[in-house]
Amino acid sequence: MKEVRLGIIGVGNMGQYHVQSALQGKISRCKLTAICDTDPAQMAPYPQVKHFTESEKLIRSGEVDAILIATPHYFHTTIGIDAFKNGLHVLTEKPLSVHKKDCERLIAAHTDKSKVFGVMFMTRTDPMWRKLKQLISSGALGEINRIHWEVTDWFRSDTYYASGGWRATWKGEGGGILSNQCPHNLDMWQWLFGMPSRITAFCNFGKRHAIEVEDEVTAYMEYASGCTAVFTATTGEAPGTNRLEIAAEMGRVVVQDGKIHFTRNEISTTEALRTSTDAYNPPPNWEIDIPTPGSGGAHNEVTQKFIDAILDGTPLIARAEEGIKAVELANAMVLSTLTNRTINLPMDSDEYEAKLKELIAGSKDKKSVGPKIASVPKYIKQ
Ligand SMILES: NC(=O)c1ccc[n+]([C@@H]2O[C@H](COP(=O)([O-])OP(=O)(O)OC[C@H]3O[C@@H](n4cnc5c(N)ncnc54)[C@H](O)[C@@H]3O)[C@@H](O)[C@H]2O)c1
């Protein structure tokens, strides 16, 4: 195979971006041959490719080798499973699925490992986050003792929530900020720090918007190492903050405003605690700004690496199997809130699925539906 024939399913806010990238030749050795949306109007601007209103028909059309799924999240699972049954490669938008059990079903359907299965975690292409991962893996920080990530700059207005009937409902989306905005943060969390062993969380449902799902969360996490962590996120603050602080043996790292700053201790914290004759002052340190040039290839880099993986067998930016972790963190936070208890990880995926079914059954779903959003979010590079 010299080029991959790609089909894109879901041509909405995000799907349009992927369609345009492919049509503008931004993905090499990739030919967009077909698109699918249940709403034909979404596909009208792209007469140069085949149109389908049912994913089943696109998948069985013989027109594509691979699909990119950019539908509402629940369909990532059903469409992904159908694609694997029909021998296609799959790249899905985040989150991998709405809940852990669906992730397990989708991953289990990927039996033919010659088929590539990736997930759209483009934050992993950002040089700043790559540098931070390198810093942690190099051992330069020493053991991490505490993590605090405040991500309160995910502002979303009522217009955003009204832009799709599926959004911010248990039935249509299966969650709120943790399912839609935070998958990137939660993937980054597990990519950098691994999975915690316990989570206690406090979600607020419809605190700042007329929605039934969570729009604010504060989670406390513990690691087997003894490291403790707090994660806070909301879509209801302006201007909000995005600040990650890592307290490690060799000092403090702060990631904020697109920069990494390392306050490096001359000796480790534990050594200072044990040996210092000064009762009050921490050990001397150096202030270090860590340069992180460039901005990374974002979504198109993830798609390009997916195409390269199909043609050359090279690594993906994010293997889909890794996508279950961000979903598990999100689910555990909601489950902890609903059951008012600490959730030990790995969590019980059946318990969460049952809870979600209860939420769907009890849904009042009175969310108003307004016009579709005209453009992709400004954080997506054009
Ligand atoms: N990676 C990112 O930065 C990023 C950003 C935005 C959205 N997303 C993800 O992309 C997905 C779509 O989000 P969006 O904001 O584009 O939503 P959207 O509502 O704007 O678009 C979804 C589109 O899918 C279509 N659709 C619904 N059900 C379908 C089905 N069964 N088959 C085919 N088409 C179907 C709808 O008609 C709509 O056009 C979500 O999973 C979301 O998490 C990712």
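Which one of these is surrounded by fewer than 18 Cβ atoms within 10 Å (Cβ to Cβ), closer than 24 Å to Gly323 by Cβ and basic (Lys, Arg): Arg208, Arg167, Arg243, Arg198?
Just one listed residue meets the conditions, Arg198.
Could you list, in sequence order, the residues of segment 17-26 that are in contact with a Phe, Trp or Tyr (Cβ under 9 Å, 6 or more places away or on another chain) and within 16 Å of the ligand (Cβ to nearest atom)?
Val19, Gln20
Just name the residue that is surrounded by the fewest Cβ atoms within 10 Å (Cβ to Cβ) out of those in segment 13-56 that are more than 25 Å from Tyr161 (Cβ to Cβ) and among the acidic types (Asp, Glu).
Glu54
Report yes if Thr292 is part of a loop (DSSP other than H, G, I, E, B) and either within 16 Å of the ligand (Cβ to nearest atom) or crowded, with 16+ Cβ neighbours inside 10 Å (or both), otherwise no.
Details: part of a loop (DSSP other than H, G, I, E, B): yes; either within 16 Å of the ligand (Cβ to nearest atom) or crowded, with 16+ Cβ neighbours inside 10 Å (or both): yes.
Considered against the rule, which asks whether it is part of a loop (DSSP other than H, G, I, E, B) and either within 16 Å of the ligand (Cβ to nearest atom) or crowded, with 16+ Cβ neighbours inside 10 Å (or both), Thr292 comes out as yes.
With the requirement that a residue be part of a strand (DSSP E or B) and touching a Pro at 6+ places or on another chain (Cβ under 8 Å), what does segment 210-226 give you?
Met221, Glu222
Residues in segment 227-252 that are farther than 23 Å from Ile177 by Cα and assigned to a loop (DSSP other than H, G, I, E, B): how many?
Residues that pass the stated criteria total 3.
Being of a type in the set (A, V, I, L, M) and in contact with a strand residue (DSSP E or B) (Cβ under 8 Å, 6 or more places away or on another chain) is the filter here, so list the residues in segment 187-210 that pass it.
Ile199, Ala201
Please go through segment 187-209 and give me each residue that is hydroxyl-bearing (Ser, Thr, Tyr) and in a loop (DSSP other than H, G, I, E, B), ordered by number.
Selection gives Ser197 alone.
Yes or no: Asp65 more than 30 Å from Tyr161 (Cα to Cα) and surrounded by fewer than 23 Cβ atoms within 10 Å (Cβ to Cβ)?
Criteria met by Asp65.
Throughout, read-outs are computed from the coordinates displayed, never taken from laboratory work. Just so you know, these numbers come straight off a predicted model, no measurement behind them. Every residue, glycine as well, gets a Cβ built from its backbone with ideal geometry; the counts of neighbours run over all protein chains shown.
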